[in-house]
Amino acid sequence: MSEKGLLIVLSGPSGVGKGTVRKAIFKDNVDFEYSISMTSREKRAGEVDGVDYFFKTKEEFENLIKQGELLEYAKYVNNYYGTPVKYVRDTIDMGKDIFLEIEVQGAEQVKNKFPEALFIFLAPPSILDLESRLKGRGTESDEVIQERIKKARKEIKMMYLYDYVVENDEVEFAVERIKCIIKSEHLKRERVELKYRRALLELEDEI
């Protein structure tokens, strides 16, 4: 029986750079599977269906919710975001780490269903820095940006739900910190002990 993989949850306020950090982690790393989220929002310029997100209509998304096909979901600025449940469970059972990049609301749901997962909160250096990043996108109105900032303040107060907090001051530094956290989690006594207990049981069966 193979060792189960880790469910790694990376989340934080909108505009903090979750996507940028996640892409940098995966750029030269093949140790993780990336679970692509579903969303009902419109595609932005350059985004590809099945690569950046699985894009669904609101009606399609709501049907999936009713069918229990999502590990978590959230409605954020009038759009749905969620994670397909079967792929996540199958990947972990095969012994492969799976990486989720999701909103804070979604992470809270995962926490209730998979408390043994590794939860990492990506934080901005400051609220002013976060506002500057959102404005720099040039994709949303000032009204929407202020709504996101208001939401971000509430989300930052929820970092107590997480195991680790990583400040995204520079992408390369944030990536290195996250990689170190994951390596440490794999060396936790609980995980290593389970591996050896299984090995001992196999030896006893052979005797």
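Think of the chain as having a plus end and a minus end, set by charges on the Cβ of Lys, Arg, Asp and Glu; of Phe121, Val48, Ile181, Phe121 sits farthest toward the positive end of this dipole. Over all Cα atoms in the chain, the spread is summed up by Rg and Dmax: 18.4, 71 Å. Rounded to the nearest 20 debye, the dipole magnitude of the chain is 500 debye, with +1 charges on Lys and Arg beta carbons, -1 on Asp and Glu beta carbons, and the Cα centre as origin. One equal scatterer on each Cα of segment 119-187, no solvent, Debye formula: the resulting log10 I(q)/I(0) at q = 0.12, 0.13, 0.23, 0.25 Å⁻¹ is -0.39, -0.45, -1.03, -1.12. Sparsely packed loop sites in segment 12-99 (the chymotrypsin sites (Phe, Trp or Tyr not before Pro) outside DSSP H, G, I, E and B with at most 14 other Cβ atoms within 10 Å) do not occur. Shape of segment 147-193 from the C-alpha gyration tensor: oblate (a/c of 1.5 or more and a/b not above b/c, with a ≥ b ≥ c the square roots of its eigenvalues).
Expressed in Å, the radius of gyration and Dmax of the Cα atoms of segment 90-157 are 15.4, 45. From helices alone, the chain scores -15000 deg cm²/dmol at 222 nm; the rule is -39500 (n - 2.57) for each run of n ≥ 4 DSSP H residues, then divide by the residue total. Taking each residue as 0.36 nm, the span from Lys111 to Lys43 lengthens on full extension beyond its C-alpha to C-alpha distance by 21.7 nm.
Counting 0.36 nm for each residue step from Leu187 to Lys66 and taking away their Cα separation leaves a gain of 39.7 nm. Please give every one of the lysines within straight-line cross-link reach of Lys4, meaning a C-alpha to C-alpha distance under 23 Å, and leave out same-chain neighbours fewer than 8 residues apart. Within the straight-line limit of under 23 Å, Lys4 reaches these lysines: Lys86, Lys96, Lys111, Lys113, Lys179, Lys183, Lys188, Lys195.
Considering only the other residues whose Cβ falls under 11 Å of the Cβ of Lys111, what net charge follows from Lys and Arg at +1 and Asp and Glu at -1? Combined, the nearby Lys, Arg, Asp and Glu give -3. Over the Cα atoms of segment 1-122, each weighted equally, I'd like the Debye log10 I(q)/I(0) at q = 0.13, 0.19 Å⁻¹, rounded to two decimals. So the normalised log intensities are -0.49, -1.10. Each DSSP beta bridge with both residues in segment 73-169 is either parallel or antiparallel, and the antiparallel ones are about 50%.
Readers should treat all values here as calculations from the given coordinates under stated rules, not as data from a laboratory. Just so it is clear, the model here is predicted, and its values are computed rather than measured. Glycine also receives a Cβ, built like all others from the backbone with ideal geometry; neighbour counts cover every protein chain displayed.
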